[in-house]
Amino acid sequence: MSDSAELKIDGKTYNLPLIEGSENEKAFDIAKLRGETGVITIDPGLKNTGSTKSAITFLDGEKGILRYRGYSIEELAEKSSFIEVAYLLIYGELPSSNESIALVNEIKYQTLVHKDNILDHKQIIILIFHKSKLIPGSIFILLLELFRLWPAKPQLSLL
């Protein structure tokens, strides 16, 4: 197959490079067409348009195919965790068990919240209601008393 296609407009010939996608699909590169010819293309519904070249994602809507780095979305959803898919998208391959554990630990470390920065019930009520003056003072006092009687403070966990 040729590396380009010829397009004739008003007796002048233009070469359109032929490129090959990650799934061996063929495409004409028309990125310079308007600049060189003043002519645009029309593709209702963008059914014949690839918007970009990507080593990460392959999409064929007509066939119902969505792949990330060569793995089908169905396979990733069934067999991989969120962390594993994130690793795949960042590094180009699924992580080993040790790499997955290391990434989880790094995320946990980066998302630690110091105990002094965690609000208790009383502080939350003060921030939300008292400062916004949404409820009368007597109800505010009642809410503070209810939270004082609760035995345990909430524990926040990001992972």
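The values are calculated or read from the model by the stated rules, or taken from the named source; none is laboratory data. Remember, it's a predicted structure, so these values are computed and weren't measured experimentally. Counting neighbours? That spans all protein chains shown, and the Cβs are built from the backbone with ideal geometry, glycine included. Each accessible area value is taken on the protein alone, full model and side chains, heavy atoms only, with ligands, DNA and RNA left out. Shrake-Rupley method; radii C 1.70, N 1.55, O 1.52, S 1.80 Å.
List of remarks:
- Simple spin-label estimate for residue 36 and residue 102 in nanometres, 7 Å along Cα-Cβ: 4.6
- Here the gap between residue 60 and residue 4, fully extended at 0.36 nm per residue and compared with their Cα-Cα distance, gives a gain of 17.8 nm.
- Fully extending the segment from residue 71 to residue 46, taken as 0.36 nm per residue of separation minus the present Cα-Cα distance, adds 6.5 nm.
- Segment 1-107: C-alpha pair distances exceeding 18 Å, %: 63
- Sites residue 91 and residue 15 - FRET efficiency at Förster radius 35 Å, r taken between beta-carbons, to 0.05: 0.40
- Subset of 79/108; 8/32; 8/47; 79/115; 26/47 violating a 25 Å alpha-carbon distance limit: 79/115
- Of the trypsin sites (Lys or Arg not before Pro) in segment 1-79, those whose Cβ has at most 12 other Cβ within 10 Å and which sit in DSSP loop: 32, 47, 53, 63
- Whole-percent carbon and sulfur share, accessible surface of segment 22-106, 1.4 Å: 53
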